[in-house]
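Engineer: Can you read through this structure? Questions will come right after.
The values are calculated or read from the model by the stated rules, or taken from the named source; none is laboratory data. Keep in mind it's a predicted model, so treat the numbers as computed, not measured. All Cβ positions, glycine included, derive from the backbone under ideal geometry; neighbour counts span all protein chains shown.
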Amino acid sequence: MIAMLRQHGADPLAANHSGVTPTSLARDIVKQFDIKAFFRDVPDGPSHPPPNARPALNTGDIIPVPKGTYVWKKEFHRIFLLLVPVSGQAPTVQGELIRAAMKLTDEAYRNGNGNWDQGFDILVAFVAQTLQDSRVFTQEELQEIRQSVKAIADFERPDLNGDGSPYYILSEFAVRWCFAYPKLISRPLDRNLHR
């Protein structure tokens with residue numbers, strides 16, 4: 001099967017969503033079959049990213065902003081797919097803001113904040129700092145952001161009440177902030193952040 005696929009043009013360096021190529025997988029397989037033999041002619045080296053590798057947009061690109069009203073949850077998901085890498089930190093402020101909001105929400109809803117560590121402290125601080133923007137939000141909204149951040153930082157009893165939860169509030173404000181700054185802003189990776 002491998003020989004047939006290769007003969008018909010299958011790319012042995014095409015990575016899947018996790019960045020694994022057929023060649024690297026074959027070289028890791030050592031049981032039962034000598035799969036490596038089918039890839040001896042393929043040099044070691046970089047793989048070709050999958051066609052839908054994330055992020056699809058990079059520093060300097062513009063986030064497509066919907067015209068008129070929008071549903072923030074759908075837009076959050078759309079922006080997430082455009083800006084957040086499959087793993088690791090996002091290279092843009094907008095991407096990292098969306099990634100941080102998603103990580104905080106996921107940790108609360110899926111784990112009850114049972115895995116909370118310094119990484120989550122860094123994420124909540126990043127969200128708080130980024131969203132404290134009086135050019136985008138009213139004073140009342142800035143107060144709501146501060147209250148939501150405080151509620152999330154008090155991680156022993158997360159509020160999981162859906163739309164009214166601090167996680168959803170910050171996620172919605174993250175979408176609004178991204179639409180206020182659609183041109184992607186570069187950010188250095190935080191070497192202390194391992195979430």
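Engineer: Could you give every pair whose Cβ atoms fall below 8 Å, whose first residue belongs to segment 78-105 and is over 13 Å from Leu189 (Cβ atoms), and whose second residue is among the basic types (Lys, Arg) and part of a helix (DSSP H, G or I), counting only separations of at least 6 or pairs across chains?
Structural biologist: Phe80/Arg99; Leu83/Arg99; Val84/Arg99
Engineer: Is it the case that Gly68 is closer than 14 Å to Phe179 by Cβ and surrounded by fewer than 14 Cβ atoms within 10 Å (Cβ to Cβ)?
Structural biologist: Yes; evaluated as a whole, the condition is true for this residue.
Engineer: Contact list please: Cβ distance under 9 Å, first residue in segment 123-145 and free of Cβ contacts under 8 Å to residues at least 60 places away in the same chain, second residue among the polar types (S, T, N, Q) and outside any helix (DSSP H, G or I), pairs at least six apart or on different chains.
Structural biologist: Pairs found: Leu142/Gln132; Leu142/Ser134; Ile145/Gln132.
Engineer: Quick one: which residue in Ser165, Ser171 is under 20 Å from Phe76 (Cβ atoms), among the hydroxyl-bearing types (Ser, Thr, Tyr) and modelled with pLDDT under 95?
Structural biologist: Ser165
Engineer: Additional query: How about segment 101-195: which helices (runs of 4 or more DSSP H) wholly inside it have at least 2 residues that are under 20 Å from Val71 (Cα atoms)?
Structural biologist: 139-153, 166-180
Engineer: Restricting attention to segment 143-195, report how many residues are over 21 Å from Gly114 (Cβ atoms), of a type in the set (Val, Ile, Thr) and over 17 Å from the mean Cα position of the chain (by Cα).
Structural biologist: 2
Engineer: If you scan segment 94-106, which residues turn out to be of a type outside the set (Lys, Arg) and under 21 Å from Glu144 (Cβ atoms)?
Structural biologist: If the condition is that a residue be of a type outside the set (Lys, Arg) and under 21 Å from Glu144 (Cβ atoms), then Gln94, Leu97, Ile98, Ala100, Ala101, Met102, Leu104, Thr105 are the ones that fit.
Engineer: Does Asp41 qualify as being over 30 Å from Leu160 (Cβ atoms), at pLDDT 75 or above and loosely packed, with under 15 Cβ neighbours inside 10 Å?
Structural biologist: Taking the combined requirement at face value, the residue satisfies it.
Engineer: Taking segment 1-38 as the region of interest, how many residues are farther than 22 Å from Val86 by Cα, in a helix (DSSP H, G or I) and at pLDDT 75 or above?
Structural biologist: Of the residues in that region, 6 qualify.
Engineer: Please go through segment 161-186 and give me each residue that is exposed (fewer than 14 other Cβ atoms within 10 Å of the Cβ), more than 18 Å from Gln129 (Cβ to Cβ) and polar (S, T, N, Q), ordered by number.
Structural biologist: Asn161
Rundown of residues vs (1) more than 17 Å from Phe80 (Cα to Cα); (2) at pLDDT below 95; (3) surrounded by fewer than 15 Cβ atoms within 10 Å (Cβ to Cβ); (4) not assigned by TED's automatic domain parsing to the domain that holds Gln94, yes/no style:
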position	(1), (2), (3), (4)
Gly112	yes, yes, yes, no
Trp116	yes, yes, no, no
Gln129	yes, no, yes, no
Gln139	yes, no, yes, no
Gln143	yes, no, yes, no
Asp159	yes, yes, no, no
Pro188	yes, yes, yes, yes
Arg191	yes, yes, yes, yes
His194	yes, yes, yes, yes
